[in-house]
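These notes are about the structure you will find just below.
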Amino acid sequence: MEIDPLIFRFSIFILSIFVGYYVVWSVTPSLHTPLMSVTNAISSVIIVGAIIAGLSGNSESVFNISSLFGFIAIALAAINIFGGFLVTQRMLAMYKKKKKDKK
Amino acid sequence: MISSNLSAIFYLVSGVLFILALRGLSSPETSRQGNFFGILGMIIAVTVTFLSVGNFSTGLIYVLLFILIGGSIGAFIAYKIPMTAMPELVAGFHSLVGLAAVFVAISAFLNPEAFNLGTQGNIKLGSLIEMSIGAAVGAITFSGSIIAFLKLQGIMSGSPITFKGQHPLNAIILISIVVLIYYLCSTQSSNLFWMLLAVSFLIGFLLIIPIGGADMPVVISMLNSYSGWAAAGIGFTLENTALIITGALVGSSGAILSYIMCKGMNRSFFNVILGGFGATDETSSASKKEQRPVKSGNADDAAFLMKNASSVIIVPGYGMAVAQAQHALREMVDTLKKNDIKVSYAIHPVAGRMPGHMNVLLAEANVPYDEVFELEEINNDFANADVAFVIGANDVTNPVAKTDPQSPIYGMPVLDVEKCKSVLFVKRSLSPGYAGIDNDLFYKENTLMLFADAKKMTEDITKNL
């Protein structure tokens, strides 16, 4: 019997939880705030679903109820993607090492 | 138009790049590179989606337009936001992820053909289950984050809102969500879908209102986790690997952060979620409410003590963020260092309103990150330090957590500030911290209270040094 593709996706999901578990434990506590803002940005990869929805209209009518929800979702996710990555960048740029002023 | 196999491989690549983005955060040196990987992963995912849909009609212009609108708003916020407002910002961003998940689920429900999920009223069962879970978690994330945002912003009172029958009500709503999903899947009725969304929005709201302001680190981490699970749910619906991987990463990341925060307060996750902390725990403090003598001093005394010290440990807390005192603090430390005094910073895991909050503020004030230490790293050094300078922290320094089993914070890991030769405690008044308990440290022989605004006091001390 053939294996349902859902099982494969589920395997990816479970393995990714474990990857996430080990990767996040290795994050230094001082970077926990940037961790939250960057996870925010990457979870907005949900924009791919929004784009599919937004492009679902045909050439006569770009807008239907479904694509409208898609467009709003695109804008929301885009706020997050740009905002999340840029604010992370801004924070990370502030973390500096001690200047080598010791003998 | 590219084949679905090829696009699946590209989605996998972007998923791996997201893993590397988180991996980079293991040290500040590699973190900037990690962020770059994250951006790259996002660009790949979005580009591949365009190519795989392959519909370059007028719709595309609108898609780009909305990306542009959202992107400019996001970029504007990212540049304008002060670092002290980071918890609010993150809560606000979580609500957007949640809402986006809900909207994607709605459009998939209304137009399943576009997503290859069957036809309206006849959506594949598996997809419908995934979709409704994604939508429900997304809705909870949205309304929960809105409440968290309002509480952090101070628009809504940070004190817990509790009422009779709260827990049974929440339990009934949670059960009804499961029941609704079950009937939705067997009837495909759109009315049930809307009801499911409405009920999920409601429960998100009800779950967060009983949680007090100082428990926000747990709440934000928890909502972070939820936004991940919502994304993963949608990822299953769309059969998109990038989304599944990312959702799982973010979900476990948020869960770990919540765990760390709960451990920092020695409370179980359920204890925090059920809420109402600080409102009822008056038993142990009420008994010893009698006036005890405290020593208070001014900036001059503080400067004198510090000038004669050889090592100083600074303990910042949420009060420092409120008073925006991080820059003034850094100037004070600069002066101390000029006098050959060794200065380090001690950060409690739950200091501030979100994980790592204090570290970001200190980094903003140009404090090198290798002078900033976590609780376990520095706690033994207090015994050898001359002065502990507590600025805006309270409960996390309370020795009662180690000595009084009756205390609500008993067992919570605290900074051993009282072991220092002398303690300078900057605070506006003697009022207890959010846990509602008196801090024994105020009355210790070697404690000098500095009653003032944190920023002003720090500036005055600098002048006197």
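Residues of segment B:76-114 that are within 20 Å of A:I72 (Cα to Cα) and not in a helix (DSSP H, G or I): B:N111 alone.
Tallying residues that are surrounded by fewer than 24 Cβ atoms within 10 Å (Cβ to Cβ) and β-branched (V, I, T) within segment B:72-105 yields 4.
Selection of segment B:118-155 for residues being in contact with a Lys or Arg (Cβ under 7 Å, 6 or more places away or on another chain) and within 22 Å of A:L76 (Cβ to Cβ) yields only B:L152.
Could you check, for segment B:102-124, whether at least one of its residues is in contact with a Gly (Cβ under 9 Å, 6 or more places away or on another chain), of a type in the set (D, E, K, R) and more than 7 Å from every other protein chain (Cβ to nearest Cβ)? Yes, segment B:102-124 contains at least one residue that is in contact with a Gly (Cβ under 9 Å, 6 or more places away or on another chain), of a type in the set (D, E, K, R) and more than 7 Å from every other protein chain (Cβ to nearest Cβ). When restricted to residues that are under 22 Å from A:A50 (Cα atoms) and among the β-branched types (V, I, T), segment B:78-104 contains 4. When we screen B:L17, B:L6 for residues that are more than 8 Å from every other protein chain (Cβ to nearest Cβ), surrounded by 21 or more Cβ atoms within 10 Å (Cβ to Cβ), part of a helix (DSSP H, G or I) and more than 23 Å from the chain's Cα centre (by Cα), the only hit is B:L17.
Across segment B:162-179, what is the total count of residues that are farther than 25 Å from B:M195 by Cβ and not charged (D, E, K, R)? Residues meeting the conditions: 1. Entry remark, segment A:75-99: residues being more than 7 Å from chain B (Cβ to nearest Cβ) and in contact (Cβ under 8 Å) with a residue 40 or more places away in the chain number 0 in total.
Criterion first (under 21 Å from B:V137 (Cβ atoms), at pLDDT 95 or above and facing chain B (nearest Cβ under 7 Å)) does A:I72 satisfy it?
Details: under 21 Å from B:V137 (Cβ atoms): yes; at pLDDT 95 or above: no; facing chain B (nearest Cβ under 7 Å): yes.
Here the answer is no, as A:I72 does not meet what is asked.
Of all residues in segment B:413-430, those that are within 26 Å of the chain's Cα centre (by Cα) and at pLDDT below 85 total 2.
Any idea which residue in segment B:372-393 is surrounded by the fewest Cβ atoms within 10 Å (Cβ to Cβ), counting only those that are within 23 Å of the chain's Cα centre (by Cα) and of a type in the set (A, V, I, L, M)? Among those residues, the one meeting the criterion is B:L375.
Residues being surrounded by fewer than 16 Cβ atoms within 10 Å (Cβ to Cβ), aliphatic (A, V, I, L, M) and at negative phi are represented in segment B:151-160 by at least one member.
Pairing each residue of segment A:7-22 that is facing another protein chain (nearest Cβ under 7 Å) and more than 20 Å from B:V13 (Cβ to Cβ) with any residue that is part of a helix (DSSP H, G or I) and at pLDDT below 95, provided the two are 6+ apart or on different chains, yields C-beta distances under 8 Å for A:Y21/B:S252; A:Y21/B:I256. Residues in segment B:245-264 that are in contact (Cβ under 8 Å) with a residue 60 or more places away in the chain and either under 17 Å from B:M42 (Cβ atoms) or surrounded by 23 or more Cβ atoms within 10 Å (Cβ to Cβ) (or both): 6 in all.
Of all the listed residues (B:I73, B:I44, B:I39), the sole one being out of contact with any Gly (no Cβ under 9 Å at 6 or more places or on another chain), part of a helix (DSSP H, G or I) and at the interface with chain A (Cβ under 9 Å from one of its Cβ atoms) is B:I39.
Table: residues versus (1) closer than 19 Å to B:S253 by Cα; (2) of a type in the set (K, R).
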| position | (1), (2) |
| --- | --- |
| A:R9 | no, yes |
| A:F13 | yes, no |
| A:F18 | yes, no |
| A:T39 | yes, no |
| A:L68 | no, no |
| A:F71 | no, no |
| A:A75 | no, no |
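Take B:Q166 and tell me if it is farther than 28 Å from B:L238 by Cβ, of a type outside the set (A, V, I, L, M, F, W, C) and within 20 Å of the chain's Cα centre (by Cα). Taking the combined requirement at face value, the residue does not satisfy it.
The values are calculated or read from the model by the stated rules, or taken from the named source; none is laboratory data. Note that the coordinates shown come from a computational prediction; the quantities given were computed from them, not determined experimentally. As a convention, Cβ positions derive from the backbone with ideal geometry for all residues, glycine included, and neighbour counts pool all protein chains shown.
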